[in-house]
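First comes the structure, then the notes that go with it.
The values are calculated or read from the model by the stated rules, or taken from the named source; none is laboratory data. Computed from a prediction, not measured in an experiment: that's the story for all the values here. Quick reminder, even Gly has a Cβ in these numbers, built from the backbone with ideal geometry, and neighbours come from all protein chains shown.
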Amino acid sequence: MRARARFLTLLGALTAATISALALQDVAVAGQADRQRTAAAPAPRPAGQAAAARPAAKVPRTPWGAPDLQGLWNTNTLVPLERSREFGTRAFMTQEEHAKALADLQLRNQRPGRDSRTVAGQSAVGTEKDVARAYNEFWFGDKPTKLSMRTSMITDPADGRIPPYTPEAARRIADKREFLAALLQGTSGGRPGPISPRRADPSPDYNLDRINRSDNTEDRGGPERCFGSELPVTMGTGTFGGVMQIVQAPDSVSIYYDVGQGSGFAWVIPITNRPHLPKNIQLYRGDAIGRWEGGTLVVDVTNFSDETNFHGSRENLHLIQRFRRVDANTLSVEFTAEDPTTWTRPWTAIQELEKADEKTTLVLEGGCHEGNYGLLGMMLNTRAAEKAFAEGKGPDPATQDNATGGGAEN
Amino acid sequence: MPNCTDDMPGHASELFCAIIAPQSAATRQNWSGEADMRIRLNRLSGAAAGAAAIAVFGLTVIQTTGQAVRTPRTADGKPNLNGIWQVTNTANWDLLAHTVRPAVAQPGVYANHSVLAAPVVALGAAGLVPPGPGVVEGNEIPYKPEAAARKRDNAEHWLDRDPEVRCYMPGIPRAMYMPYPFQITQGTNKIQMVFAFANASRTIYIGAAPDPPADKWMGHSVGRWEGNTLVVDVTDLNDRSWLSRSGDFHSDALHLVERFTPITPDALRYEVTVEDPNVFTRPWKMNMVLYRQLEDNAALIDYRCIELVEETFLGHLRKDQLVKHWEGDTIILDVTRRVQPGDKRYER
């Protein structure tokens, strides 16, 4: 989740003008098939509408008669979660917009990406920003090659954007932002000023961000501590080439998300009407309970912990996910997120995932924590830098920026 | 809707049971009209096929008890393994027969009666290894001589070397007998097992399987049905997982053949043949039982330990360390535990 956020930030830096304006889209296989059939028609039907119109008889069934959700599902296209404002309440692109988005996508794929060692046109070799780039382009997976007509994953509210924060949440988020800025104050990546007196303060929330401090392991971000991807997973290319494997039985649906650079995880959805776990049970990926409503698997997820952060929502997040087999090649995955302590209203996003070839698509176990030498390295390195400073052999680590490295062109 | 009980006569009802058996009562309610209709259709259109299927699959005779026990079936007639399962044995501590003993021991007054040592001395009875009759057939693991020496050395340096202590994925077969639950989801061409501990999971491909991409902690599993038994061939395991807290280990040549056989509706016999010519002189076998969790509120809750082991392995790298030299009338637990050369994490 945060890894994706970081990627999208990077992506934004690389291609801010084109990507944000053109809203590259999630694949919608139903929509593509539809376009092929109606190639002569001037305006293809929007993917979502085409999917909804598909007769139910085409949906594969399990031997016990349930809609069959099983298989490997992915997308190699980009859809922004939020819609670019220029589209207003328009959920789908025109053909002209689509053609331009595709052209820009291909252009973007020719750019040097993160392997470029320049920042703002200057060589960044040897600078903090160069060193702080944790990953190069290799880790971001294949570039997208397809587009759907959707202008955003978010379908509700009508403007395709996350609803405004409540005043309480806005204050919470601003507090954290100020804390992050304080830790960067006086470094090359922060605002000017002396080392902030807040430098040793505890984080105002359970920290999951990349902050400019390594006093404790808890200072490092969730991805660096191998916390694993969070719910809900959106299968954009920003998840570093995600694949989702579903195995299904009458009493459970077991999902393995191979996403986020080895941040993959297993998620079992029991099909049951047991109540949710007691409120004091707070879990990183919550407590999921599934039920079938017609042909849709509806999953209610509560009991999240404050170690998760989905766009500002933490332990009070309530997710309702809907998995629906649209046709042989398409799985619709929708979520509604609500948290009255964070957003002024619930919101809903949808992705239509394409079935992947099981012979050629590899599903790999995560193994992030098992191979996490990075966290050890960050701690060791910082203690070594402090020692060197104390001996007059190096700069004060508090004046160094070890947080903002990333985008090559920012 | 009728319940799936033994008092429902006739083949059709048996097939009916087969179809709905995997689902809890709660699930059946959720399966609304659509599912009900399908089940009835299956009962009618499948009557002839159903009779044949039942002749083959209907009953399982349990040799150990002499009683005929109905094996729950999936819709396609396979034994139904769905559910949350867990061993009740002590194999994770020690595969062989063992009495109670300190989890970390030091010599006591008597040579053959060791006492609790740091770092578990403060735990008292909670710092002991629970006793057990063992799970290894013949109660002997046929280590090669040099491997036997390494196992003993591993046991001495258990806390530095055991991947479980670091919250790593347990590997196979250990994941099957960790003392925590796991959930089986039996799909149509894959069986997924998700383990509470460390969110580990494995996919058992039934029939066609992709080529394994690389060695993995949880290996590559390909299964087939032999009558009532799910037989799983496991390869492509890495050489880093262990078999128990007693230092039992293997190489990346490890090859397992697992056999899952229902012995009651709520118990599976689990047998695993262990073959690794780098470590063992011959194949050997473990034999145990997996029990279904029957509690109304049974749930697979993640045994999430990633952040909780940071203090153990990285606590010394905090700017201000939390572990102090305790003083006053507080118990003074001055633990000196040196990590041996070769066992430091970045050396592995």
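What to note about this one:
- Search result, residues across region B:228-248 that are in contact with a Lys or Arg (Cβ under 7 Å, 6 or more places away or on another chain), charged (D, E, K, R) and on the phi < 0 side of the Ramachandran plot: B:ASP248
- Selection count where residues are among the polar types (S, T, N, Q) and either surrounded by fewer than 20 Cβ atoms within 10 Å (Cβ to Cβ) or at the interface with chain B (Cβ under 8 Å from one of its Cβ atoms) (or both), scope region A:350-371: 2
- Per-region count, region B:174-197, residues touching a helix residue (DSSP H, G or I) at 6+ places or on another chain (Cβ under 8 Å) and of a type in the set (A, V, I, L, M): 1
- Scan region B:195-232 for residues that are away from chain A (no Cβ under 11 Å) and among the charged types (D, E, K, R) and the total you get is 2.
- Cross-chain or 6+ apart pairs with Cβ under 9 Å, region B:233-262 first and within 14 Å of chain A (Cβ to nearest Cβ) and within 22 Å of B:GLN192 (Cβ to Cβ), then part of a strand (DSSP E or B) and of a type in the set (S, T, N, Q): B:VAL234/B:SER221
- The C-beta contact set for region A:287-311 (first residue over 24 Å from A:GLU218 (Cα atoms), second residue assigned to a loop (DSSP other than H, G, I, E, B) and among the aliphatic types (A, V, I, L, M), distance under 6 angstrom, 6+ apart or interchain) comprises A:ASP287/A:LEU277.
- Number of residues in region A:356-379 that are among the hydroxyl-bearing types (Ser, Thr, Tyr) and assigned to a helix (DSSP H, G or I): the value is 1.
- Leading residue by the ranking (farthest from the other protein chains (Cβ to nearest Cβ)) among those in region A:214-229 that are within 20 Å of A:THR399 (Cα to Cα) and in a loop (DSSP other than H, G, I, E, B): A:GLY221
- Region B:195-211: number of residues that are under 21 Å from A:CYS368 (Cα atoms) and in a strand (DSSP E or B): 5
- Yes/no for A:SER188 being surrounded by fewer than 17 Cβ atoms within 10 Å (Cβ to Cβ), of a type outside the set (A, V, I, L, M) and either touching a Cys at 6+ places or on another chain (Cβ under 7 Å) or not in a helix (DSSP H, G or I) (or both): yes
- Tally of residues being surrounded by fewer than 20 Cβ atoms within 10 Å (Cβ to Cβ) and touching a Gly at 6+ places or on another chain (Cβ under 9 Å) across region A:319-339: 0
- Residue identified as outside any helix (DSSP H, G or I) and either under 20 Å from the mean Cα position of the chain (by Cα) or touching a residue at least 12 places away in the same chain (Cβ under 8 Å) (or both) among A:THR348, A:THR382: A:THR348
- B:ALA198 passes every criterion in (1) within 30 Å of B:GLY77 (Cα to Cα); (2) among the hydrophobic types (A, V, I, L, M, F, W, C); (3) touching a residue at least 60 places away in the same chain (Cβ under 8 Å) apart from (1).
- Within region A:270-301, being within 9 Å of chain B (Cβ to nearest Cβ), of a type outside the set (Phe, Trp, Tyr) and either in contact with a Cys (Cβ under 8 Å, 6 or more places away or on another chain) or not in a strand (DSSP E or B) (or both) holds for A:THR272, A:ASN273, A:ARG274, A:PRO275, A:LEU277, A:ILE281, A:ARG285, A:GLY294, A:GLY295.
- With respect to being among the small types (Gly, Ala, Ser) and free of Cβ contacts under 8 Å to residues at least 40 places away in the same chain, A:ALA181 fits the description.
- Every residue from region B:172-194 that is outside any strand (DSSP E or B) and either over 25 Å from B:ASP239 (Cβ atoms) or at the interface with chain A (Cβ under 8 Å from one of its Cβ atoms) (or both): B:PRO181, B:GLY187, B:THR188, B:ASN189
- Checking the stated criteria, B:GLU311 turns out to be under 30 Å from B:PRO181 (Cβ atoms), of a type in the set (Asp, Glu), more than 26 Å from the chain's Cα centre (by Cα) and at pLDDT 85 or above.
- Subset of region A:246-264 [within 22 Å of B:GLN293 (Cβ to Cβ) and touching a strand residue (DSSP E or B) at 6+ places or on another chain (Cβ under 6 Å)]: A:VAL247, A:ALA249, A:ASP251, A:SER252, A:VAL253, A:SER254, A:ILE255, A:TYR256
- Neighbours by Cβ (under 7 Å, 6+ apart or cross-chain): first from region A:258-269, over 15 Å from B:LYS216 (Cβ atoms) and within 8 Å of another protein chain (Cβ to nearest Cβ); second assigned to a loop (DSSP other than H, G, I, E, B) and hydrophobic (A, V, I, L, M, F, W, C): A:VAL268/B:LEU300
- Across region B:115-129, the number of residues qualifying as in contact (Cβ under 8 Å) with a residue 24 or more places away in the chain and surrounded by 15 or more Cβ atoms within 10 Å (Cβ to Cβ) comes to 5.
- Within region A:302-313, considering residues that are part of a strand (DSSP E or B) and among the hydroxyl-bearing types (Ser, Thr, Tyr), the one farthest from the other protein chains (Cβ to nearest Cβ): A:SER313
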